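The values are calculated or read from the model by the stated rules, or taken from the named source; none is laboratory data. From a predicted model like this one, the values you see are computed outputs, not experimental measurements. Note that each Cβ is placed from the backbone with ideal geometry, even for glycine, and that neighbours are counted across all protein chains shown.
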Amino acid sequence: MNALERRYRRLLLAYPRDYRRANGEQLVATLLETGPDRRVPRAREAVALVSGGLGERAHAAVAGPRPWWVDGLHLALPPLILAGAVSSYWSIFNHPWSGALFVLSMLAVVLGWVRVALPFALVPALLASTPYPALGDPTWGWLQPLAYGFGGRAWSNLLLLWAAVGLLAVLAVRGDRLRRRSPLWLAGVLAVVAYGVLVATTGPWWTLTRAGVEIALLGVGVAATLRTRDARWAVAASAYLLCAMAPLVQYPIILSWRSASYWGLLLGLTFATAVLARRPVRVG
Amino acid sequence: MVLIMARTMSEPVYFILAALLDGPLHGYGIIKLAERESGGRVRLAVGTLYGALERLSESGLVELDREESVQGRPRRYYRITEAGRESVAVEAERMRQAAQVVTRRTLPRTAQA
């Protein structure tokens, strides 16, 4: 195997494993025929391979017996759990074990085990819903620091945690066999929990990182919908956006142009997934 | 399905189907023929070609003809189906009619000039 073939095979990793197994050798053979004397792949071939690979992943995602909306609800869970962990970074700093609940619920969701994930998601939602105890109130006893560290949140902040519980409950009742999700979600929640435990300070870069991740993920949803015209990404994007925008409803403020652009972009990308899902498929 | 395909067929897909009209071809053969017949305009990237072939197979417009082994590597030949022939013919007719809208106005002037 020469350097060119090795590089092509690396690019082919963009395709799902099953597709590579069935078609990988054929693709490599054709790629080598198009330019056998080269040392590095042509840029347009590299772009087409990565884009084709992601497209095949999108097509693989819509295959299977599950109804599209069930898969859409399952798709919404990892971003909701991740955002729940992000909004709880201070609680995680105070009670590192609470971070483990987010990690365990994400692990179960990634594996498609919603009935296992449900109790792990329910505990932080219940804790966060407890009111702050009044100073000197003996009701909580030695658990009082827990209520201070976790509870007393506004409804708009609780929505992320309860939405995850609600979706998990619906999927648990239906009992569909769900597909596995990317382990990158688990890596993401682990990073957030580690950050909460070790650092737990935020600044403009924190907001920017969150915005960047949101926009990138919604962009992936738009691209996947464009390829498949399937509505499951619209379901997931809408569920996330409804929860993410709740604070704007509870605390209406005049938005700065920066905030307005950010929310406008999130709304626009979510709207795009809904609109694109209704248009007919174009082959090629 | 065929009508939807005909309304929304992209240029690469048109030339892939056109390349298969004379008989089965393998991937590299389709790339070369599509480039030649389009006057060099359609230069299919390999990832684009196989993505399109996958979708065309799912739509029943193209199917696998046979697989050979060349220097230890698989080489699959694809052939166009009856539905594929009909679809590309409908698209060609649509483009002919669309072209006529312009040429019937411009050609006489060109001839007069």
Condition first: at pLDDT below 90 and under 26 Å from B:Pro12 (Cα atoms). Now tell me which residues in the range B:69-102 satisfy that. B:Arg73, B:Pro74
Select, from A:Ser98, A:Ser105, A:Ser87, A:Ser91, the only residue that is modelled with pLDDT of 90 or more, farther than 16 Å from A:Leu217 by Cβ and among the polar types (S, T, N, Q). A:Ser105
Working only within the range B:41-62, note down all residues that are of a type outside the set (Ser, Thr, Tyr), farther than 13 Å from B:Leu25 by Cβ and not in a helix (DSSP H, G or I). B:Arg41, B:Val42, B:Arg43, B:Ala45, B:Gly60, B:Leu61
Looking at (1) modelled with pLDDT of 95 or more; (2) within 11 Å of chain A (Cβ to nearest Cβ); (3) closer than 28 Å to A:Pro41 by Cβ, which is the only condition B:Leu20 fails? (2)
Let me confirm something: among A:Ala224, A:Ala216, which residue is in contact (Cβ under 8 Å) with a residue 24 or more places away in the chain and either outside the structural domain of A:Asp71 (by TED's automatic domain parsing) or assigned to a helix (DSSP H, G or I) (or both)? A:Ala224
Take A:Val173 and tell me if it is assigned by TED's automatic domain parsing to the domain that holds A:Ser98, among the β-branched types (Val, Ile, Thr), in contact with a helix residue (DSSP H, G or I) (Cβ under 8 Å, 6 or more places away or on another chain) and in a helix (DSSP H, G or I). no
Considering only residues of the range B:26-45 that are closer than 16 Å to B:Arg75 by Cβ and either in contact with an Asp or Glu (Cβ under 9 Å, 6 or more places away or on another chain) or modelled with pLDDT under 90 (or both), which is farthest from the other protein chains (Cβ to nearest Cβ)? B:Leu33
Please go through the range A:227-258 and pick out each residue that is touching a residue at least 40 places away in the same chain (Cβ under 8 Å), aromatic (Phe, Trp, Tyr) and in a helix (DSSP H, G or I). A:Trp233, A:Tyr240
Quick check on my filter: what residues within the range B:23-40 are in contact (Cβ under 8 Å) with a residue 12 or more places away in the chain, part of a loop (DSSP other than H, G, I, E, B) and either under 24 Å from A:Ala46 (Cβ atoms) or among the basic types (Lys, Arg) (or both)? B:Ser38
Condition check: surrounded by 13 or more Cβ atoms within 10 Å (Cβ to Cβ) and among the basic types (Lys, Arg). Does B:Arg104 satisfy that? no
Could you look through the range A:21-44, keep only residues that are under 19 Å from B:Arg76 (Cβ atoms), of a type in the set (D, E, K, R) and out of contact with any Pro (no Cβ under 8 Å at 6 or more places or on another chain), and pick out the one that is surrounded by the most Cβ atoms within 10 Å (Cβ to Cβ)? A:Glu33
Identify all residues within the range A:10-20 that are crowded, with 19+ Cβ neighbours inside 10 Å and either of a type in the set (A, V, I, L, M) or at the interface with chain B (Cβ under 8 Å from one of its Cβ atoms) (or both); write none if there are none. A:Leu11, A:Leu12, A:Ala14
Within the bounds of the range A:60-83, is there any residue that is within 16 Å of the chain's Cα centre (by Cα) and free of Cβ contacts under 8 Å to residues at least 24 places away in the same chain? no
